[in-house]
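So the structure is just underneath, and the comments pick up after that.
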Amino acid sequence: MQLIDKQPDAVIIDVRTQFEVKLLGTLGLYQNVNIPRGWLEFRIAETVPSLDTPIVVYCGTNVRSPLAAKTLMEMGYTNVKNYDEGYFDWKKRGLDLNMGTLDSTTLLYQRPKQVVDGVYSAIGAPQPSTYENSGHNNNLSFIVADDAVVVFNGGGSYLLAQAMHEEIKKVTDLPVKYLVYENAQGHAVFGGSYWKEQGVEIIAHDNTPEILEHTSEQVIEQARNSLKDKYFKSRLLMPDHTFSDEYALPVKGRKIILKHFGNAHSPDDIQLWLPENNLLISGDFAFNERMLPILEHTSVGEWIENWDKLETLNPGIIIPGHGDVTDMQTVTSFTKDYLVYMQGKVEQVLDDGGDLTDAYQIDQSAYMQWKTFRELSLRNAARIYKMMEFE
């Protein structure tokens, strides 16, 4: 562990097999990559083109990693270290891991936990949707009222929604009456097919139907390819009811208010407000733990402007769209502050007459420890640049 702490710029290579990584997990560090020992000589150049790059290799019990380190040095890499404690010591210490699932007995990445009385959330994997996490990479929540249950987010598949329903049944015998699509993204809507079979009314924003109508076959095919057999019976369904700015759900014993703060991550982002608990389920309006993605229809400027509405509400507890339950300060850091920084840096690139190549060079090192940094940092820079280029 000390070795890795002393090598913050190192490429960290897990030389175990893909099967081991999928079954057991891997180090939860942005620099971490998996190159199985048998493929190391063939794949190292594309991952680490410079022979001077610091490299740390590890395996499970220090059997393969010393051989891997020796091989890399023989290939000319000049700064190679072996993390001899390995994966199992890292896990034993309770340090950050990337896991396909935290519970192999359910399709959910992890089962729902109680946030406050009658409010539960199954926190999704802070990573892209994969077969291993069953597409559960966002937060699926439910609220128990006196007469019914409200579910926020349909889940990324029919089977994932079914798994969520099994967890709800452990808490209450009340029927699920309403499903709220946080937006029109796949991990919010593909599970709607299960909930509709249960007679649940689906609620979304006014903008959602049009977005769903224009959802490309490519998006659906990507979900099929990623989830494979776990995509079983999943399909896009239109909402039964939509609203514009605010809608109070007609349930007994609890005030549940759906809100739309305006254009942000998506044009149809919904938030769920529980005033009696000072709790907000923010949907994708607010993030924690991981880097937010800039999508083709994301409006960075409006997202920043509309953040004032969240600050005015000032919830004490926030269940974000991604990441664990948290507070205003944390989601502001992971969301608004990042957006303001990137918008300012891209504006500077444009003012200096720079191009897309310069946008890629924006210093995002302050966010390197965030989950999904490797997947999203450069893509975000490019998309913000292209959005602002002709403003």
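Within the option set I304, I202, being in contact with a helix residue (DSSP H, G or I) (Cβ under 6 Å, 6 or more places away or on another chain), in a helix (DSSP H, G or I) and in contact (Cβ under 8 Å) with a residue 12 or more places away in the chain holds for one residue only, I304. Taking the listed residues G76, G135, the one that is under 15 Å from the mean Cα position of the chain (by Cα) and on the phi > 0 side of the Ramachandran plot is G135, with no other qualifying. State whether the residues of segment 251-259 include one that is free of Cβ contacts under 8 Å to residues at least 40 places away in the same chain, of a type in the set (A, V, I, L, M), in a strand (DSSP E or B) and within 15 Å of K309 (Cα to Cα). Yes: one or more hits.
State whether the residues of segment 189-199 include one that is of a type outside the set (V, I, T), part of a loop (DSSP other than H, G, I, E, B) and surrounded by 23 or more Cβ atoms within 10 Å (Cβ to Cβ).
Yes, because at least one residue in segment 189-199 is of a type outside the set (V, I, T), part of a loop (DSSP other than H, G, I, E, B) and surrounded by 23 or more Cβ atoms within 10 Å (Cβ to Cβ).
The strands (runs of 3 or more DSSP E) falling completely within segment 1-99 that include 3 or more residues that are of a type in the set (A, V, I, L, M, F, W, C) map to 11-14, 55-58.
Among the residues of segment 169-185, are any surrounded by 19 or more Cβ atoms within 10 Å (Cβ to Cβ), free of Cβ contacts under 8 Å to residues at least 60 places away in the same chain and part of a helix (DSSP H, G or I)? Checked against the condition, which is being surrounded by 19 or more Cβ atoms within 10 Å (Cβ to Cβ), free of Cβ contacts under 8 Å to residues at least 60 places away in the same chain and part of a helix (DSSP H, G or I), segment 169-185 yields no hits at all. Among the residues making up segment 47-73, those that are more than 32 Å from the chain's Cα centre (by Cα) and over 19 Å from T26 (Cα atoms) are L51, D52, L67, K70, T71, L72, M73. Of the residues making up segment 1-33, just one is under 22 Å from S129 (Cβ atoms), in contact with a helix residue (DSSP H, G or I) (Cβ under 8 Å, 6 or more places away or on another chain) and modelled with pLDDT under 85, namely Y30. The listed residues are N277, N207, and the only one of them that is of a type in the set (S, T, N, Q) and closer than 19 Å to V149 by Cβ turns out to be N277. When the residues of segment 273-307 are filtered to those that are under 18 Å from the mean Cα position of the chain (by Cα) and among the acidic types (D, E), which remaining residue is nearest to G28 (Cα to Cα)? Here the residue is E289. Report yes if some residue within segment 339-346 is more than 23 Å from D9 (Cα to Cα), in contact with a Gly (Cβ under 8 Å, 6 or more places away or on another chain) and at pLDDT 95 or above; otherwise report no. Within segment 339-346 (the criterion being more than 23 Å from D9 (Cα to Cα), in contact with a Gly (Cβ under 8 Å, 6 or more places away or on another chain) and at pLDDT 95 or above), the answer is yes, since at least one residue qualifies. Regarding A161, is this residue surrounded by 23 or more Cβ atoms within 10 Å (Cβ to Cβ) and on the phi < 0 side of the Ramachandran plot? When the stated conditions are applied, A161 passes them. The set of residues from segment 98-113 being touching a residue at least 40 places away in the same chain (Cβ under 8 Å) and either in contact with a helix residue (DSSP H, G or I) (Cβ under 6 Å, 6 or more places away or on another chain) or acidic (D, E) (or both) comprises G100, T106, L107, L108, R111, P112.
The values are calculated or read from the model by the stated rules, or taken from the named source; none is laboratory data. Just so we're clear, the structure is a prediction, and the values are computed from it rather than from any experiment. Here the Cβ is made from the backbone with ideal geometry for all residues, glycine too, and neighbour counts use every protein chain on show.
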